[in-house]
Amino acid sequence: MSAQVIDGKSIAKSVRQEVAAATQQLLTATGIVPHLAAILVGNDPASEVYVRNKERACAAVGLKSTVHRLSAETTQNELLALIELLNRDKEVHGILVQLPLPQQLDSMSILDAVLPSKDVDAFHPENTGLMLQGRPRFLPCTPAGIMKMLQVCGIQTVGRHAVVIGRSDIVGKPMAALLVQKGVDATVTICHSRTVDISRVCRGADILIAAVGIPEFVKGDMIKPGAVAIDVGINRVGERLVGDIDYAAASQVASAITPVPGGVGPMTIAMLLQNTLTSAKLAAGS
């Protein structure tokens, strides 16, 4: 059996087209252009690439984007002062702090300083709480992108056993929270570094989501025949980009699988654009 390849690029393109159309409607009705402000501290090459990709994505759908580039020596107070300026700027609808931050900065307090109504990454505790209660303002971009992929591909979640490998605040925990919401109705297990016999747990999954950050951690024999395999990881191994799932082996066992690259990654950026548009519409009262 060869798995259906879930084309994240194609699904993300459809989302971006919807965002572009809705952005034009908002502009026509209110004169408002959704505006995403990104903050990049230091010169981490990967972060530079991510921010540049987000700039291009914004331009392609008619959103305004501004990048605030700060030195690696930026202090906590300096960064908090910039966030406060952006919080007060009525023309800014989304604030994105590119992670990781330099070691001298307290990432949690920095993210907490972003106004919840402009927290388009959905990291703020207020937005996390709203999501858990099933009444979100914004959804975390990567988990929301995965949910969109499952929906578009017609992958059933009701009563299915979903296993999430990884318990990060960015992917693992919110992914589990979305899967257990009413209407989604999956039964969810979270695996992590202390999980006993993780291979056995994974083999029980109807939907397996790997977000552990270890190249090709999930082997083919860890996947139940016919399961859906969603790979969040992106790891550089020599000249290759690989995910957290051994794609070659897993694609012979799973019924559907996301590639790396071209799977979850494009969806994350598409959902960031959607959140920025949502923030602008909320600010406009529409």
Just checking, how many residues over region 122-139 are open to solvent by less than 30 Å² (accessible area, probe 1.4 Å) and either closer than 15 Å to I6 by Cα or in contact (Cβ under 8 Å) with a residue 60 or more places away in the chain (or both)?
-> 2
Among all residue pairs at least 6 apart or on different chains, which show Cβ distances below 6 Å where the first residue, located in region 243-259, is touching a residue at least 24 places away in the same chain (Cβ under 8 Å) and small (G, A, S) and the second is crowded, with 23+ Cβ neighbours inside 10 Å and not in a loop (DSSP other than H, G, I, E, B)?
-> G243/D231; A250/A229; A250/I257; S251/I257; A254/A229; A256/V228
Select from region 238-268 the residues that are outside any loop (DSSP other than H, G, I, E, B) and either surrounded by fewer than 20 Cβ atoms within 10 Å (Cβ to Cβ) or small (G, A, S) (or both) and list them in ascending order.
-> R240, L241, V242, A248, A249, A250, A256, G265
Of (1) free of Cβ contacts under 8 Å to residues at least 60 places away in the same chain; (2) more than 22 Å from the chain's Cα centre (by Cα); (3) surrounded by 14 or more Cβ atoms within 10 Å (Cβ to Cβ); (4) assigned to a loop (DSSP other than H, G, I, E, B), L79 fails just (4)
On the given criteria, is L150 of a type in the set (A, V, I, L, M), open to solvent by 70 Å² or more (accessible area, probe 1.4 Å) and part of a helix (DSSP H, G or I)?
-> no
How many residues does region 1-33 hold that are modelled with pLDDT of 95 or more and in contact with a strand residue (DSSP E or B) (Cβ under 7 Å, 6 or more places away or on another chain)?
-> 4
Selection within region 228-286 - modelled with pLDDT of 95 or more and on the phi > 0 side of the Ramachandran plot = G262
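Results for (1) over 21 Å from H124 (Cβ atoms); (2) part of a helix (DSSP H, G or I); (3) open to solvent by less than 40 Å² (accessible area, probe 1.4 Å), shown as yes or no for each residue.
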{"site": "I32", "(1), (2), (3)": "yes, no, no"}
{"site": "A37", "(1), (2), (3)": "no, no, yes"}
{"site": "S47", "(1), (2), (3)": "no, yes, yes"}
{"site": "R56", "(1), (2), (3)": "yes, yes, no"}
{"site": "A60", "(1), (2), (3)": "yes, yes, no"}
{"site": "H68", "(1), (2), (3)": "no, no, no"}
{"site": "L85", "(1), (2), (3)": "no, yes, no"}
Name the residues in region 90-113 that are hydrophobic (A, V, I, L, M, F, W, C), closer than 19 Å to L272 by Cα and in a loop (DSSP other than H, G, I, E, B), would you?
-> V92, L99
Give me the pairs: first residue in region 43-54 and in contact (Cβ under 8 Å) with a residue 60 or more places away in the chain, second residue open to solvent by less than 50 Å² (accessible area, probe 1.4 Å), beta-carbon distance under 7 Å, and six or more apart or on different chains, which are they?
-> N53/I269; K54/A38; K54/S65; K54/I269; K54/L272
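The values are calculated or read from the model by the stated rules, or taken from the named source; none is laboratory data. This structure is a prediction, so every number in the text was calculated from the model and none was measured. Note that each Cβ is placed from the backbone with ideal geometry, even for glycine, and that neighbours are counted across all protein chains shown. Side chains are part of the model used for accessible areas, which takes the heavy atoms of the whole protein and leaves out ligands, DNA and RNA. Shrake-Rupley method; radii C 1.70, N 1.55, O 1.52, S 1.80 Å.
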